[in-house]
Every structure is written in structure tokens, then in C-alpha cells.
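The next block holds one structure in the form of C-alpha cells; read it before the comments.
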Amino acid sequence: MLRTLPKLPQIQRPVRDRLEAVVEELRRIVLTDFTPIEEVNDHLLWARGKLFRPTLLLLANELGGRRHQRAVTLASVVELVHLATLVHDDSVDHSVLRRGMPTVNALWNHQTAVIMGDYLYSRAVMELALFGENELIRVLSRAANQMSIGEMRQLVSADAIRYTEADYDRLIECKTASLMSAACEMGAVAGDARWRQPLARYGFQLGMAFQIADDLIDYTGTEAVTGKPTGQDLREHKMTLPLIHALGVMDAAPRREVEEFFADPEPSDDGIARVVALVREHGGLEYARGRAEDFGARAVDALTGLPDEPATTSLREAVAYVIDRRR
């Protein structure tokens with residue numbers, strides 16, 4: 001019998017009412033009477049994602065029955081930091097699509113994307129400062145700093161055929177795991193602080209699994225799933241775990257094919273398909289899947305000892321969703 005995988009709405013059920021409030025809070029925080037910024041904000045909020053990071057923060061805040069209204073604002077702040085990173089990412093990568101919608105740099109220009117990313121960051125920081133709690137500021141600012149380092153690590157990884165698995169791990173720790181860990185930790189700080197450390201560990205391990213699974217989808221998914229053209233990482237010459245592992249076990253001839261692919265400034269669809277086939281033949285997909293599952297298992301382990309509540313169940317189900325997401 002096939003296992004039924006949890007869908008995101010099921011995971012979000014314990015905090016559905018507060019997620020609706022997050023959307024309104026996002027609009028309040030970025031509201032401005034300056035038309036050029038307002039137009040970009042409208043586009044970003046229209047094209048917003050699934051609010052996964054706010055979901056994690058609110059679920060963490062539910063534990064122990066100490067949910068606090070300020071967690072809605074904190075969830076909005078975390079989403080703004082995430083949005084800022086995506087806007088900057090798309091500009092650096094010259095991406096034209098994000099979640100199936102045109103990017104800010106495609107609709108406007110790269111200068112606008114840089115300024116809007118900075119605007120979202122600054123609004124998030126301003127809102128967080130109003131709480132006057134150094135711990136909340138410390139947790140989020142540390143994550144934001146790590147994400148900036150991750151941006152630079154990702155830039156260095158382009159065309160880096162000798163990028164190692166250790167390099168990749170450091171990249172995704174900064175790029176993804178840092179903010180998911182911060183979201184979970186901040187939810188606990190604003191709720192029942194007894195669970196702060198295990199939730200921070202959970203968020204970190206979940207973030208590692210999330211990014212590996214996301215990179216794996218680039219080799220296996222469709223545009224309907226990813227919101228961007230499949231094979232986009234390869235088109236941009238990004239070294240991710242499936243290829244890193246496969247290169248390590250390739251003989252000279254297939255490795256030379258990959259090196260020639262990376263030397264081509266404008267790779268063809270056929271070239272991308274060939275690299276995907278080589279990665280598949282050399283076990284890159286299975287290896288990446290195994291590592292994602294290993295991080296997922298660690299995330300579940302981090303929840304040991306937490307209260308047996310609907311929020312804990314949702315956090316556990318979020319692991320399966322991250323690894324197997326198709327929707």
C-alpha cells in the first residue's frame with residue numbers, strides 16, 4: 001500500500017488562522033505612499049510563495065500552549081527576509097521566472113531588484129526592532145548574515161567544476177538552513193522558550209534536507225513543480241549535490257563531457273539532458289536523496305521530547321513534505 005504523503009495545507013492546519021493574518025501583516029509592513037516601491041510590493045505579494053517559513057515559526061510558537069500574537073509579526077518579518085534574498089538571488093542569476101511569475105529584475109531592472117531587496121530587509125529589521133528584544137534581533141541578524149555569506153558562496157560555485165561536497169554543505173547551511181533554524185527558534189522565543197534549542201536544531205536539519213531536495217528537483221521535476229524551468233541550475237552552471245557526487249565516481253570520458261558542458265557559456269537543452277543522464281547513471285540522484293533523508297531523520301529526532309500536540313505532528317509531517325514535495 002502506498003504511503004500518503006502530507007500536503008502543505010494539512011501541515012498548516014493548526015496555524016491556518018494566523019497564516020491569514022501573516023498575509024495582512026506583510027501588506028501593513030511594506031505599505032508605502034511611494035508609487036514605484038508600491039508597484040513592486042504589489043507584484044511580490046501577489047507572487048508570494050507558500051509561506052513555509054512563517055508556518056514553521058507559528059508551529060514552533062504553538063508548542064506548550066503559549067502562542068503569542070506577536071508571532072504573526074515575527075512570521076511576517078522572516079518571510080520578508082526570505083523574499084529579499086529571493087529578489088537578490090534572481091538579480092544575481094539573471095533569472096526571469098520565480099514560482100512561474102516574472103521576477104523583479106525581468107519586469108523592471110536589476111537596479112530596482114537590488115534596491116527592493118534592500119528595502120524588504122530594512123523594513124523587516126525596523127519592524128523587529130520595535131519589539132525591543134535583543135534575542136530576537138540576534139537570532140534573525142545572525143541568519144541574515146549567514147544568508148549573505150551564502151549568496152557569495154553560491155556566486156563562487158558557478159562554473160566551479162571542482163566544488164566539493166564540503167563546499168556545498170557550507171553553502172546550503174548559509175543559504176537555507178540558517179533562516180529555517182532562525183524561524184523555529186524565534187517561534188519558541190516568542191512562546192515556550194523551553195523548546196528553543198531543539199526547535200533550532202530541527203529547523204537547521206530540515207533546512208539542509210529542504211535545499212538538497214530542491215536541488216534534486218532540478219534534475220527530476222517539471223516547471224509546474226519548481227516554478228522555474230527544469231535544469232535551470234545546470235543552465236546557470238551551478239554545482240549541486242547530485243552532480244558533485246556523480247563527478248566523484250565518473251571515469252575520465254564522462255567527466256570530460258561535463259567539463260566541456262561547463263565550458264559552454266550557453267548550454268543547449270540537449271547538453272543539459274546529457275548531463276542529467278550522466279548524473280543519473282552515476283548514482284547522483286540516489287545519493288542526494290539519501291542525504292536528504294538522513295537530514296530529515298535528524299530533524300525528526302530533534303523533536304523527541306516535545307509535547308504531543310497537533311503542532312508537533314505538523315512539524316514531523318513537514319519533514320516528509322520537504323523531502324517528497326511535488327506540490
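One residue alone among Leu80, Leu86, Leu128, Leu58 is part of a helix (DSSP H, G or I) and in contact with a strand residue (DSSP E or B) (Cβ under 9 Å, 6 or more places away or on another chain), and that residue is Leu86.
Rundown of residues vs (1) under 29 Å from Ser314 (Cβ atoms); (2) in contact (Cβ under 8 Å) with a residue 12 or more places away in the chain, yes/no style:
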position: Leu241; (1), (2): yes, yes
position: Val249; (1), (2): no, yes
position: Glu260; (1), (2): no, no
position: Gly271; (1), (2): no, no
position: Ala277; (1), (2): no, no
position: Arg280; (1), (2): no, yes
position: Gly283; (1), (2): no, yes
position: Ala288; (1), (2): yes, yes
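Looking at the stretch 148-242, the helices (runs of 4 or more DSSP H) lying wholly inside it that each contain 3 or more residues that are at negative phi and surrounded by fewer than 18 Cβ atoms within 10 Å (Cβ to Cβ) sit at 165-172, 196-220, 223-226. With respect to Thr32, is the statement that it is modelled with pLDDT under 90, over 14 Å from Tyr321 (Cβ atoms) and of a type in the set (Val, Ile, Thr) true? For Thr32, the condition - modelled with pLDDT under 90, over 14 Å from Tyr321 (Cβ atoms) and of a type in the set (Val, Ile, Thr) - is met.
Look at the stretch 312-325: where a residue is farther than 14 Å from Ala209 by Cα and a partner is hydroxyl-bearing (Ser, Thr, Tyr) and modelled with pLDDT of 95 or more, sitting 6+ places away or on another chain with Cβ atoms under 9 Å, you get Ser314/Thr55. Filtering the stretch 60-72 for residues that are aliphatic (A, V, I, L, M) and at pLDDT below 95 leaves a non-empty set.
Let's see how each residue does on (1) buried (at least 20 other Cβ atoms within 10 Å of the Cβ); (2) of a type in the set (Asp, Glu); (3) over 22 Å from Ile323 (Cβ atoms); (4) without any contact (Cβ under 8 Å) to a residue 60 or more places away in the chain:
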| position | (1), (2), (3), (4) |
| --- | --- |
| Lys7 | no, no, no, no |
| Glu38 | no, yes, yes, yes |
| His43 | no, no, yes, no |
| Val77 | yes, no, yes, no |
| Val81 | yes, no, yes, no |
| Asp90 | yes, yes, yes, yes |
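For Arg53, the criteria (1) in a helix (DSSP H, G or I); (2) of a type in the set (Lys, Arg); (3) surrounded by 12 or more Cβ atoms within 10 Å (Cβ to Cβ); (4) out of contact with any His (no Cβ under 6 Å at 6 or more places or on another chain) hold in every case but one, which is (4).
The values are calculated or read from the model by the stated rules, or taken from the named source; none is laboratory data. Note that the structure is a prediction, hence the values are computed from the model and not measured. In this analysis, Cβ positions are derived from the backbone assuming ideal geometry, glycine residues included, and neighbour counts consider all displayed protein chains.
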